[in-house]
Amino acid sequence: QVQLVESGRGLVQSGGSLRVSCIVSGFTLKDYHIGWFRQAPGKELEGVSCSSRDDGRTFYADSVKGRFAISRDNGKNTMFLQMNSLKPEDTAVYYCAVIFEYGLGGEICDPDEYDYWGQGTQVTVSS
């Protein structure tokens with residue numbers, strides 16, 4: 001059974017940092033593409049950062065470039081999102097997700113491409 005379990009929920013002040021993690025089981029993480037997504041209140045799910053398995057491509061949403069970093073520890077089957085210089089507008093539920101193969105012509109960080117999802121973790125940034 002494929003399962004993704006997130007941790008790292010937190011309340012931080014504007015300008016602070018937080019790392020969220022996602023432990024995966026039921027598969028070998030090194031064989032999968034990874035992504036982090038978020039959904040703010042009243043807004044649609046959006047891709048935050050994604051990283052391909054094969055060619056090293058990495059995507060960051062314009063709103064988080066230079067502040068967030070995606071990473072993975074394949075030996076521990078764990079993926080991470082490091083968030084720095086946090087802003088109130090970063091407040092959202094954050095989800096990890098993985099996919100074995102993109103669909104034909106699929107975008108690296110399109111939520112519709114991803115098959116397996118974590119339960120979500122709340123990140124709140126105070127002003």
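The values are calculated or read from the model by the stated rules, or taken from the named source; none is laboratory data. Predicted model only: the values in this text are computed from it and were never measured. Every residue, glycine among them, receives a Cβ derived from its backbone with ideal geometry; neighbour counts consider all protein chains shown. Just so you know, the surface numbers come from the protein's heavy atoms only, side chains and all, with ligands and any DNA or RNA stripped out. Shrake-Rupley method; radii C 1.70, N 1.55, O 1.52, S 1.80 Å.
Loop-resident chymotrypsin sites (Phe, Trp or Tyr not before Pro) (DSSP state other than H, G, I, E or B) in segment 33-123 with no more than 13 further Cβ atoms inside 10 Å of their Cβ: PHE100. For ASP31, ASP62, the ranking by accessible surface with the largest value first comes to ASP62, ASP31, using a 1.4 Å probe.
Ranked by solvent-accessible area (1.4 Å probe, protein heavy atoms only, all chains present), the residues GLU6, GLU113 order from largest to smallest as GLU113, GLU6.
For the chain, the longest piece that avoids every one of the trypsin sites (Lys or Arg not before Pro) found in DSSP loops with at most 13 other C-beta atoms within 10 Å covers 66-127. Under 23 Å Cα-Cα from LYS65, which lysines qualify once same-chain neighbours fewer than 8 residues away are excluded? Counting by Cα, and skipping residues close in sequence, LYS65 has these lysines nearby: LYS43, LYS87.
Label sites at SER17 and ASP55, each approximated as a point 7 angstrom past Cα along Cα to Cβ, lie 3.2 nm apart. Length gained on full extension, THR124 to LEU104: 3.6 nm, using 0.36 nm per residue less the C-alpha separation. Computed over neighbours whose Cβ is under 12 Å from that of PHE37, the net charge equals -4, Lys and Arg +1, Asp and Glu -1. Modelled spin labels at GLU89 and GLU46, positioned 7 Å past Cα toward Cβ, are 0.7 nm from each other. The residues of segment 1-58 expose on average 55 square angstrom of accessible surface per residue, using a 1.4 Å probe on protein heavy atoms. Share of the chain's accessible area from carbon and sulfur, percent, 1.4 Å? Roughly 45 percent, rounded to a whole number. When the Cα convex hull of the chain is projected onto planes of every orientation, the mean area is 7.4 nm². Could you tell me whether segment 20-70 comes out rounded, prolate or oblate from its Cα gyration tensor? Rule is a ≥ b ≥ c as square roots of the eigenvalues, rounded for a/c under 1.5, then prolate if a/b exceeds b/c, otherwise oblate. Oblate. In terms of overall dimensions, the C-alpha atoms belonging to segment 82-127 reach 42, 20, 16 Å along their principal axes, ordered largest to smallest.
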